[in-house]
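The values are calculated or read from the model by the stated rules, or taken from the named source; none is laboratory data. This structure is a prediction, so every number in the text was calculated from the model and none was measured. No Cβ is skipped: glycine too gets one built from the backbone with ideal geometry, and neighbour counts run over all protein chains shown. SASA here: full protein model, heavy atoms, side chains in, ligands and nucleic acids out. Shrake-Rupley method; radii C 1.70, N 1.55, O 1.52, S 1.80 Å.
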Amino acid sequence: MLQLIYISTATPAMREPELTRILSASRRNNARDGISGLLFFNGRRFLQALEGPAAVVETAIARIKADDRHAAVVTLSRREVDTREFGDWAMASLGAGEAAGQAAIDRVDALTIDASPSVRAQFTSFARLQSA
Ligand SMILES: Cc1cc2nc3c(=O)[nH]c(=O)nc-3n(C[C@H](O)[C@H](O)[C@H](O)COP(=O)(O)O)c2cc1C
(Lines give C-alpha, C1' and ligand atoms only; values in the text may rest on other atoms or scores of the structure.)
Protein backbone atom coordinates (compact mmCIF):
# COMPACT_ATOMS: atom_id res chain seq x y z
CA MET A 1 0.00 0.00 0.00
CA LEU A 2 1.20 3.50 -0.79
CA GLN A 3 1.19 6.26 1.82
CA LEU A 4 1.74 9.88 0.79
CA ILE A 5 2.03 12.95 2.97
CA TYR A 6 2.07 16.46 1.57
CA ILE A 7 1.81 20.04 2.74
CA SER A 8 0.20 22.83 0.72
CA THR A 9 -0.93 26.43 1.05
CA ALA A 10 -4.51 27.65 0.70
CA THR A 11 -5.15 30.13 -2.11
CA PRO A 12 -7.68 33.02 -2.03
CA ALA A 13 -10.16 30.59 -3.65
CA MET A 14 -10.15 28.67 -0.37
CA ARG A 15 -12.96 30.31 1.59
CA GLU A 16 -14.64 28.90 4.67
CA PRO A 17 -17.53 27.05 2.89
CA GLU A 18 -14.99 25.25 0.70
CA LEU A 19 -13.91 23.19 3.68
CA THR A 20 -17.33 21.53 3.88
CA ARG A 21 -17.25 20.86 0.12
CA ILE A 22 -13.78 19.30 0.31
CA LEU A 23 -14.91 17.21 3.28
CA SER A 24 -17.99 15.81 1.55
CA ALA A 25 -16.20 15.10 -1.78
CA SER A 26 -13.36 13.43 0.12
CA ARG A 27 -15.66 11.28 2.27
CA ARG A 28 -17.50 10.08 -0.82
CA ASN A 29 -14.50 9.49 -3.09
CA ASN A 30 -12.13 8.10 -0.50
CA ALA A 31 -14.69 5.59 0.80
CA ARG A 32 -15.36 4.49 -2.80
CA ASP A 33 -11.63 4.17 -3.57
CA GLY A 34 -10.52 2.52 -0.32
CA ILE A 35 -8.38 5.50 0.69
CA SER A 36 -7.75 6.30 4.33
CA GLY A 37 -5.86 9.24 5.75
CA LEU A 38 -6.10 12.56 7.49
CA LEU A 39 -6.48 16.14 6.30
CA PHE A 40 -5.53 18.89 8.70
CA PHE A 41 -6.17 22.56 7.89
CA ASN A 42 -4.85 25.30 10.14
CA GLY A 43 -6.53 28.17 8.32
CA ARG A 44 -3.55 28.71 6.05
CA ARG A 45 -1.89 25.42 5.26
CA PHE A 46 -3.00 21.86 4.68
CA LEU A 47 -1.23 18.73 5.85
CA GLN A 48 -2.67 15.58 4.37
CA ALA A 49 -1.89 11.87 4.54
CA LEU A 50 -3.41 9.53 1.97
CA GLU A 51 -2.95 5.78 1.90
CA GLY A 52 -4.39 2.91 -0.07
CA PRO A 53 -3.68 0.85 -3.19
CA ALA A 54 -0.96 2.70 -5.14
CA ALA A 55 -2.97 3.26 -8.31
CA VAL A 56 -5.93 4.88 -6.56
CA VAL A 57 -3.69 7.03 -4.36
CA GLU A 58 -1.83 8.26 -7.48
CA THR A 59 -5.13 9.12 -9.17
CA ALA A 60 -6.41 10.93 -6.08
CA ILE A 61 -3.23 12.96 -5.58
CA ALA A 62 -3.19 14.02 -9.24
CA ARG A 63 -6.77 15.28 -8.89
CA ILE A 64 -6.05 17.00 -5.57
CA LYS A 65 -2.87 18.68 -6.90
CA ALA A 66 -4.87 20.22 -9.74
CA ASP A 67 -7.34 21.80 -7.28
CA ASP A 68 -6.99 25.61 -7.34
CA ARG A 69 -8.06 25.97 -3.70
CA HIS A 70 -4.47 25.24 -2.74
CA ALA A 71 -1.04 25.62 -4.30
CA ALA A 72 2.61 24.85 -3.63
CA VAL A 73 1.93 21.20 -2.93
CA VAL A 74 5.12 19.67 -1.50
CA THR A 75 5.41 15.95 -0.86
CA LEU A 76 6.93 15.33 2.57
CA SER A 77 6.90 11.58 2.52
CA ARG A 78 6.12 8.77 0.13
CA ARG A 79 6.49 5.20 1.30
CA GLU A 80 5.13 1.69 1.18
CA VAL A 81 3.22 0.60 4.26
CA ASP A 82 2.18 -2.98 5.04
CA THR A 83 -0.87 -2.00 7.02
CA ARG A 84 -2.94 1.16 7.20
CA GLU A 85 -1.80 3.73 9.74
CA PHE A 86 -5.07 5.64 9.45
CA GLY A 87 -8.06 3.36 9.89
CA ASP A 88 -10.43 5.66 8.10
CA TRP A 89 -10.43 9.04 6.39
CA ALA A 90 -10.87 12.07 8.60
CA MET A 91 -10.43 15.79 8.65
CA ALA A 92 -9.51 18.13 11.47
CA SER A 93 -9.35 21.86 11.07
CA LEU A 94 -9.04 25.14 12.86
CA GLY A 95 -11.11 28.19 12.07
CA ALA A 96 -9.46 31.09 10.24
CA GLY A 97 -6.97 32.81 12.50
CA GLU A 98 -7.66 30.42 15.36
CA ALA A 99 -4.65 29.13 17.28
CA ALA A 100 -4.43 25.41 17.86
CA GLY A 101 -5.93 24.78 21.26
CA GLN A 102 -5.56 21.64 23.31
CA ALA A 103 -8.77 20.26 21.77
CA ALA A 104 -7.30 20.33 18.24
CA ILE A 105 -4.05 18.78 19.45
CA ASP A 106 -5.97 16.04 21.30
CA ARG A 107 -8.02 15.30 18.19
CA VAL A 108 -4.94 14.98 16.01
CA ASP A 109 -3.31 12.81 18.69
CA ALA A 110 -6.32 10.50 18.64
CA LEU A 111 -6.47 10.36 14.83
CA THR A 112 -2.78 9.44 14.53
CA ILE A 113 -2.73 6.87 17.31
CA ASP A 114 -1.75 4.02 14.93
CA ALA A 115 0.59 6.10 12.76
CA SER A 116 4.35 5.61 12.85
CA PRO A 117 6.19 7.99 15.22
CA SER A 118 7.51 10.25 12.44
CA VAL A 119 4.11 10.58 10.76
CA ARG A 120 2.47 11.26 14.10
CA ALA A 121 5.10 13.87 14.96
CA GLN A 122 4.48 15.65 11.66
CA PHE A 123 0.80 15.99 12.42
CA THR A 124 1.08 16.91 16.08
CA SER A 125 3.76 19.54 15.50
CA PHE A 126 1.71 20.98 12.63
CA ALA A 127 -1.38 21.08 14.88
CA ARG A 128 0.59 23.04 17.46
CA LEU A 129 1.57 25.73 14.96
CA GLN A 130 -0.42 28.92 15.08
CA SER A 131 -2.35 29.59 11.92
CA ALA A 132 -1.99 33.36 12.02
C1 LIG B 1 -6.40 20.34 0.44
C2 LIG B 1 -7.34 19.49 -0.33
C3 LIG B 1 -7.48 18.15 -0.02
C4 LIG B 1 -8.35 17.34 -0.74
N5 LIG B 1 -8.47 16.02 -0.40
C6 LIG B 1 -9.25 15.22 -1.13
C7 LIG B 1 -9.34 13.83 -0.85
O8 LIG B 1 -8.73 13.29 0.08
N9 LIG B 1 -10.15 13.08 -1.65
C10 LIG B 1 -10.87 13.60 -2.68
O11 LIG B 1 -11.56 12.85 -3.36
N12 LIG B 1 -10.82 14.91 -2.95
C13 LIG B 1 -10.03 15.74 -2.20
N14 LIG B 1 -9.99 17.08 -2.49
C15 LIG B 1 -10.92 17.60 -3.51
C16 LIG B 1 -10.43 17.34 -4.91
O17 LIG B 1 -9.41 18.27 -5.24
C18 LIG B 1 -11.61 17.46 -5.90
O19 LIG B 1 -12.24 18.70 -5.77
C20 LIG B 1 -12.63 16.37 -5.66
O21 LIG B 1 -12.03 15.12 -5.51
C22 LIG B 1 -13.63 16.32 -6.82
O23 LIG B 1 -14.57 15.35 -6.49
P24 LIG B 1 -15.87 15.13 -7.36
O25 LIG B 1 -15.38 14.98 -8.78
O26 LIG B 1 -16.45 13.86 -6.78
O27 LIG B 1 -16.74 16.32 -7.10
C28 LIG B 1 -9.11 17.91 -1.79
C29 LIG B 1 -8.97 19.25 -2.10
C30 LIG B 1 -8.09 20.06 -1.39
C31 LIG B 1 -7.96 21.50 -1.74
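For this structure, a couple of remarks:
- Per-residue extension of 0.36 nm, minus the Cα-Cα distance of Ala66 and Thr20, leaves a gain of 14.7 nm for this segment.
- Positive-pole candidate from Pro53, Ala13, Ala104, dipole of the stretch 2-128, charges at beta carbon: Ala13
- Look at the dipole of the chain built from charges on Cβ: of His70, Ala92, Ser118, the Cα furthest out on the positive end belongs to His70.
- With protein chains left intact and a 1.4 Å probe, residues in the chain average 51 Å² of accessible area per residue.
- Two-decimal Rg to Rh for the stretch 1-114 - Kirkwood Rh, Cα set: 0.94
- Here the contact order of the chain, divided by its residue count and restricted to Cα pairs under 8 Å and six or more residues apart, works out to 34 percent.
- With every protein chain in place, the stretch 1-107: carbon and sulfur % of accessible area (1.4 Å): 53
- FRET E, pair Ala121, Arg28, Förster distance 25 Å, beta-carbon r, rounded to 0.05: 0.25
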